[in-house]
Amino acid sequence: MGSVGFQRHRSEQTLLCQIVERYYPAFTDHLAEAGKQLPAHVRQAFDGYLQCGRLEHGFLRLRCDTCHAEHLLAFSCKRRGFCPSCGARRMADGAAWLVDQVLPERPIRQRRRERPHVFREAHAVRERSRRAWVLSLPYPLRFLLATHPALMGRVLGIVYRVIAGHLIRQAGFTQQSARTGSVTLIQRFGSALNLNIHFHMLFLDGVYVVDSPHDNRPRFQWVREPTSAQLTQLAHTIARRVGRMLEREGLLERDTEQLDFSGVLDEEDP
C-alpha cells in the first residue's frame, strides 16, 4: 500500500473557478449600472469562493518538529452555499455527525407527498428501509420565505408539530406522554438551480414513551406507515395552519378560491 500524503486543493485551476473569476466582476458591474446589486450573502459566497484555497489570500505555515519540513496550508472559505470543496466537506462532516452522535438506531421514515392542496407534495417513494418526509411549497410561498427568512422557522415549526402529533396519535399516546424527534435539512434550490425552498425531514418511525415514573428509561414504540389518505390529510392540515399564521401576520389575503400573496411580493422579488 502506497504512502498517503496531503495534496493541496487548487481551486484556481478548476473550470468553475476560472469561469466565475472571468465573468463575475462583469456581471456585478452590469447590475450596478442598472442600480441593482446581488444580496449580501450571495456576494459573500462568491467573494469567499474566489479566495478559497489560494495562498495569496492567507495561509497557515506548518513545520514538522522531527524532519523540519514545512508545508503551507491555504485558508478555506468554509461556506456551504457555492464552494464545491467546502460544501462537500461540510456535507460529509454533517452526515457523519448525524449518524454517530444524533440519530438513534431506530427506524427512520422517508416519505414524499405531492400536490394534495396548496402545498405541493404527494407521491410516496420508499428508499430501502429508510423513509423521510419531503415537503414542497407553492411558488408564492417559496418567494415569500426567500424574502422573509424569519418566517422559515415558524413554517417549519408548524410542519414539525403536525407530523409529530400524527405519529404520537397513531401510537396511541398524547403529546404529554410521548415524544418523537426529527432532523430537518432546508434545501433552497431545485435541480435547475431555481429557487425552490423545501424541507427534507428525517423523522423517527415511532415515538418514545416512559412506562413508569419509577423507570426513566424510554421505550420506543413503532408506528405503522401512514396511508395515502393520511398523508393527504396532513398536507391539508399544514396548509391550513400555515395559511392562518400568514393571515395573522398580514402577509396573506384569502379569497374563496385561492391564497393571494400579491400584497407582500414585489415585482423585484425573485
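Laboratory data are not the source of any read-out in this text; all were calculated from the coordinates shown. Computed from a predicted structure; not experimentally measured. Every residue, glycine as well, gets a Cβ built from its backbone with ideal geometry; the counts of neighbours run over all protein chains shown.
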Assuming 1.002 mPa s and 20 °C, estimate D for region 134-241 with Stokes-Einstein, Rh taken as the Kirkwood radius over Cα pairs, in µm²/s.
139 µm²/s
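I'd like the FRET efficiency for residue 59 and residue 245, computed as 1/(1 + (r/R0)^6) with the beta carbon distance as r and R0 of 45 Å, rounded to 0.05.
Numbers: r = 48 Å, r/R0 = 1.08.
E(calc), rounded to 0.05, equals 0.40.
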Computed from the beta carbon distance with a Förster radius of 45 Å, FRET efficiency for residue 230 and residue 70 to the nearest 0.05 stands at 0.10
Rounded FRET efficiency, nearest 0.05, which uses the C-beta distance separating residue 34 from residue 152 and R0 of 30 Å
0.55
Mind jotting down the three principal axis lengths of region 11-74 based on Cα atoms? Whole angstrom, largest first.
59, 23, 13
Give me the one-decimal nm value for the distance between modelled label points at residue 102 and residue 214, 7 Å along each residue's Cα-to-Cβ direction.
3.8 nm
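What is the extension gain from residue 193 to residue 253, computed as 0.36 nm multiplied by their sequence separation minus the C-alpha to C-alpha distance, in nm to one decimal? It would help to have the intermediate numbers written out before the result.
Working: separation 60, 0.36 × 60 = 21.60 nm, distance 2.94 nm.
Additional length available on full extension: 18.7 nm.
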Using a 7 Å offset from the Cα along the Cα-to-Cβ direction at both residue 85 and residue 27, what is the distance between the two label points in nm, to one decimal?
2.0 nm
